[in-house]
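Below is one structure, written out as structure tokens, with a few remarks after it.
The values are calculated or read from the model by the stated rules, or taken from the named source; none is laboratory data. Keep in mind that what you see is a predicted model, and the values were worked out from it rather than measured. Note: ideal-geometry Cβ built from the backbone for every residue, glycine included; neighbour counts use all protein chains shown. Please note that ligands, DNA and RNA were not included when accessible areas were found on the heavy atoms of the full protein model with its side chains. Shrake-Rupley method; radii C 1.70, N 1.55, O 1.52, S 1.80 Å.
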Amino acid sequence: LKTNYKNFPMVPRVIFGAGCFGQLGEILLPKRINSEAPFIFLVDDVFEGSGLISRIPLIFNDQIIFISADEEPKTDQVDALVQKIKNDYDNLPSGIIGIGGGTLLDLAKAVAIMLTNKGNAFQYQGWDLVKKPSIYHVGIPTISGTGAEVSRTTVLLGPEKKLGINSDFTTFDQVLLDPDLTQGVSKEQWFYTGMDCFIHCIESLNGTFLNAFSQSYGEKALELCKEVYLDDLQEDDARNKLMMASWHGGMSIAYSQVGVAHAMSYGLSYLLGVRHGIGNCLVFQHLKEFYPEGVELFNEMKVKHNIRLPKGICGELTNDDFEIMINVALSLVPLWENALGKEWRTIITPEKLRSIYQKI
Ligand code: NAD
Ligand code: ZN
């Protein structure tokens, strides 16, 4: 019997708990190669000047690089960071630590890969193109929802496409989950990034790739999302639960795939730079025919938290613009296959996608 099940990596070490950021120093110490090989901390610049920075356990020639998350990560940004690190030091770093949301986590993963692999980051966008193990890398999320802390991909905007570097070497070697770090997130961003997790669950649980592995994580994540967004939890309880929802949601799609909202959101992001969380929400609200129960729950959550999604995003677009978005969306074949089965092309046509984009 021939089988072809995926043998995918998981994060080998994780620490969870309010305040566990205080243990980062002791976690990193044994991973330090020597005093010349620094740890590089890539940190979301919202934390510049905040108390968190003084808690980063810097020693020897370690370096903090602040990076804005205003734009989604790009392949040339990764290349520039790698070049800077190579210029600044004679030795390869002991490790890369990403502190922030999905943007910073993805940058940390990509930089860790590109420090040991030749060429430019865009050459590795795709599936299993990375040849050499990356350097040690640690993910420390400060906002919950994307699942980037557990996934084997790093999503980058390249010259030709928005696509992940999907590889066994992408996954973090260590993740630190400290729910207290998510305290400063604005309500809108909390909703958008949290809905990324909710949509991961809906797309995974309603997909044709679903199996018991994905289902077990997806159901748990969905249950946690419902508690966080529909019940009235204590704030710290909600923070803990959303962090674990993100983790489980990410695990769920590891062995399945995302679906319609993600495929279309990639198009929006590629053409207009719309960020992942809000882009997913903008699309998902119009997907009742694909995910009826999910969209109903989404609307309930939106109302409960007084979230108003922007309108008219695609109002001024030209035919060419629509074509670009539609082509990006249609190129994500595994997502459509998961959402609608092998015959998805009979359901999803360029006209169909255009009619949905026009509502946004
Ligand atoms: P983000 O990193 O884009 O950050 C969103 C905003 O929240 C930013 O303004 C950031 O500065 C702010 N922020 C983050 N933490 C904060 C805190 N504690 N206090 C105050 N402000 C804070 O957000 P995201 O939604 O987590 O990530 C989106 C990115 O993740 C996209 O680039 C997307 O492609 C990627 N993504 C990756 C995967 C993966 O598996 N690799 C999965 C889903 C999404
Ligand atoms: Zn997502």
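Scanning region 312-323 for residues that are open to solvent by less than 70 Å² (accessible area, probe 1.4 Å), part of a helix (DSSP H, G or I) and either touching a residue at least 40 places away in the same chain (Cβ under 8 Å) or of a type in the set (Asp, Glu) (or both) yields a total of 1. Condition check for residue 347 on (1) aliphatic (A, V, I, L, M); (2) under 30 Å from residue 227 (Cα atoms); (3) free of Cβ contacts under 8 Å to residues at least 24 places away in the same chain: one failure, at (2).
Of all residues in region 267-278, none are at pLDDT 95 or above, more than 9 Å from ligand 1 (Cβ to nearest atom), under 15 Å from the mean Cα position of the chain (by Cα) and in a helix (DSSP H, G or I).
Contact map, region 60-78: first residue in the same structural domain as residue 49 (by TED's automatic domain parsing), second residue among the basic types (Lys, Arg) and open to solvent by less than 20 Å² (accessible area, probe 1.4 Å), Cβ cut-off under 8 Å, separation 6 or more or different chains; pairs are 72/162.
Please pick out the residue among 105, 42, 81, 1 that is away from ligand 2 (no atom under 16 Å from the Cβ), closer than 25 Å to residue 254 by Cβ and within 22 Å of the chain's Cα centre (by Cα). Being away from ligand 2 (no atom under 16 Å from the Cβ), closer than 25 Å to residue 254 by Cβ and within 22 Å of the chain's Cα centre (by Cα) holds for just one of 105, 42, 81, 1, which is 42. The set of residues in region 257-295 being of a type in the set (A, V, I, L, M) and closer than 27 Å to residue 213 by Cβ consists of 258, 260, 261, 263, 264, 283, 287, 295.
Restricting 165, 143, 135 to residues that are free of Cβ contacts under 8 Å to residues at least 60 places away in the same chain and either out of contact with any helix residue (DSSP H, G or I) (no Cβ under 9 Å at 6 or more places or on another chain) or open to solvent by 30 Å² or more (accessible area, probe 1.4 Å) (or both) narrows the list to 143.
Scanning region 49-72 for residues that are under 26 Å from the mean Cα position of the chain (by Cα), within 16 Å of residue 97 (Cβ to Cβ) and either among the β-branched types (Val, Ile, Thr) or within 11 Å of ligand 1 (Cβ to nearest atom) (or both) yields a total of 8. Do the conditions hold for residue 251, that is, is it within 26 Å of residue 172 (Cα to Cα), open to solvent by 40 Å² or more (accessible area, probe 1.4 Å) and of a type in the set (A, V, I, L, M)? The answer is no for residue 251.
For first residues located in region 297-311 and in contact (Cβ under 8 Å) with a residue 24 or more places away in the chain, partners that are part of a helix (DSSP H, G or I) and loosely packed, with under 13 Cβ neighbours inside 10 Å and lie 6+ apart or on another chain with Cβ distances below 7 Å form the pairs 305/187. Select from region 103-121 the residues that are within 21 Å of residue 140 (Cβ to Cβ) and assigned to a helix (DSSP H, G or I) and list them in ascending order. Those that are within 21 Å of residue 140 (Cβ to Cβ) and assigned to a helix (DSSP H, G or I): 103, 104, 105, 106, 107, 108, 109, 110, 111, 112, 113, 114.
Residue-level analysis places residue 222 among those that are free of Cβ contacts under 8 Å to residues at least 40 places away in the same chain, within 16 Å of ligand 2 (Cβ to nearest atom), open to solvent by less than 50 Å² (accessible area, probe 1.4 Å) and not in a loop (DSSP other than H, G, I, E, B). The residues of region 177-193 that are of a type outside the set (S, T, N, Q) and in contact with a helix residue (DSSP H, G or I) (Cβ under 6 Å, 6 or more places away or on another chain), listed by number, are 177, 178, 179, 192.
If you go through region 99-151 and keep only what is within 8 Å of ligand 1 (Cβ to nearest atom) and farther than 26 Å from residue 26 by Cβ, you end up with 102, 103, 106, 145, 146, 147, 151.
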